[in-house]
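Read the structure below first, then the notes.
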Amino acid sequence: MQLLHCNLSAMATLLADFDTAHCGVIHDAQLDTFGQCLATSSADGHIRLWDVRKPQEPAFLADLDGHAGAVHQVAWAPPVCGVLLASASSDGTVAVWGRRAKKASQWQMVRQERLDRYGDVRALAWAPHEHGVVLACASADGTVTVLSYQGPFFAGSDAVEHRWHAQSFKAHTAQSSGLSWATPPALADKCIGMKGARLATAGDSGVRVWRWAEQTSSWEPELVDQQSASDTPSGSVIARDVAWKSWDGLSECLASASDESVLFWSQGDDGLDEASAAKTRGQWRVVAKVPLGEVVWKVTWSDIGGVLLASLGGKEQRTMLLKQRLDGVWDVMDVVVQQK
């Protein structure tokens with residue numbers, strides 16, 4: 001396992017190279033919000049946690065082994081939701097892990113949701129904390145499940161049950177492989193509920209965008225011009241991943257990993273003549289396509305600077321940085337790893 005520090009000049013410094021002791025391929029590795037704890041997930045069904053406050057000397061913290069299949073992805077909850085880690089597995093379950101008290105090495109499974117009727121769970125993403133403790137999960141058959149923490153329920157004199165609510169809907173025809181939440185409509189220090197919540201999903205039918213409808217308590221689709229993603233009359237292009245850019249005060253933007261390219265989506269009318277703008281107004285459409293020459297697996301926006309990281313390749317996977325110029329052209333830079 002390698003720990004890298006990457007800057008906007010596409011130069012990455014190797015901070016540490018260490019053995020995670022996993023017995024299978026590492027599928028995912030995620031740092032918590034503060035960059036202090038690293039979670040690695042593997043085909044061996046285990047999740048291992050590491051204290052990386054001293055990057056040159058990673059310290060093992062815990063081994064979480066509640067899954068019966070490969071762990072595809074892990075995700076840290078927003079800090080205000082507590083010290084929570086979610087994991088998605090090929091056994092069709094989603095687990096939420098919590099740290100006991102203030103002991104960094106003691107963890108327990110606080111929730112396990114069985115979604116095996118939808119196949120293996122491919123991806124997950126926590127909602128912004130303004131919506132509460134909410135987790136979206138993408139399953140192999142195209143179903144998306146949203147888990148919402150309802151709070152503690154006192155069943156007896158000293159018995160406490162922590163209740164979660166699960167709501168599933170069919171987002172894609174055959175498979176769903178990625179999802180991302182939009183910036184909440186209002187920044188707040190307290191929960192605003194699901195009002196204004198929006199979610200983008202990636203799968204066999206391309207990119208889909210969903211909006212929470214309070215009147216019906218359901219997820220309703222927004223208009224997406226799938227044809228704009230394809231160079232052929234057949235329609236949409238399979239999307240492996242999608243990332244919603246944080247709101248910059250100007251326009252909404254999505255990025256998707258589609259075949260060997262990164263596609264950028266917008267709801268704006270920039271670059272369209274009056275007739276085309278009137279026809280597609282309100283629809284998401286592709287406004288830029290950046291070919292990278294290799295299969296793109298994952299896309300992630302940086303927290304600042306509007307920079308996109310794209311993971312691509314086969315046996316020798318690598319990372320590219322994409323940054324947009326003022327004239328709208330996207331610069332592509334290969335991340336170069338330097339020894340510290």
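Every number here is computed from the coordinates shown, using simple stated rules; none is lab data. A quick note: this is a predicted structure, and the numbers were derived from the prediction, not measured. Neighbour counts run over all protein chains shown; Cβ positions are idealised from the backbone, glycine included.
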**Request:** Starting from the Cα of VAL80, step 7 Å along the direction of its Cβ; do the same at GLN106; then give the gap between the two resulting points in nm.
**Result:** 2.9
**Item:** Amide H contacts of LEU115 (H built 1.01 Å from N, under 5 Å, at least 5 apart or other chain)
**Value:** THR93, VAL94
**Request:** Can you tell me which of 314-324, 41-51 comes out highest on packing, and rank the rest after it, using the mean Cβ neighbours within 10 Å?
**Result:** 41-51, 314-324
**Item:** Highest-first arrangement of 260-266, 114-120, 247-253, where packing means the average Cβ count within 10 Å
**Value:** 260-266, 114-120, 247-253
**Item:** Those residues of region 85-111 whose amide nitrogen sits under 17 Å from the label point placed on ALA43, 7 Å along Cα→Cβ
**Value:** 89-91
**Asked** Looking at GLY119, TRP76, SER41, which one has the Cα that reaches farthest to the positive end of the dipole of region 1-222 (charges on Cβ: Lys, Arg +1; Asp, Glu -1)?
**Response** TRP76
**Message:** Residue by residue through region 161-172, what is 3J(HN,Hα) from phi via Karplus (6.51 cos²θ - 1.76 cosθ + 1.60, θ = phi - 60°)? Round to whole Hz and write x for glycine and proline.
**Reply:** 10, 8, 9, 10, 10, 10, 10, 10, 8, 7, 9, 9
**Complete:** So, with points 7 Å from each Cα along the Cβ direction, the THR20-ASP259 label distance in nm works out to 3.1
**Request:** In whole Hz, with x marking every Gly and Pro, tabulate ³J(HN,Hα) for region 325-330 from phi via Karplus 6.51 cos²θ - 1.76 cosθ + 1.60, θ = phi - 60°.
**Result:** 7, 5, 7, x, 6, 9
**Karplus-derived HN-Hα couplings along region 33-42 (A = 6.51, B = -1.76, C = 1.60, θ = phi - 60°), whole Hz, x at Gly and Pro** = 4, 8, x, 9, 10, 10, 10, 10, 10, 9
**Message:** What's the ranking of 284-296, 211-223 by average number of surrounding C-beta atoms within 10 Å, highest first?
**Reply:** 284-296, 211-223
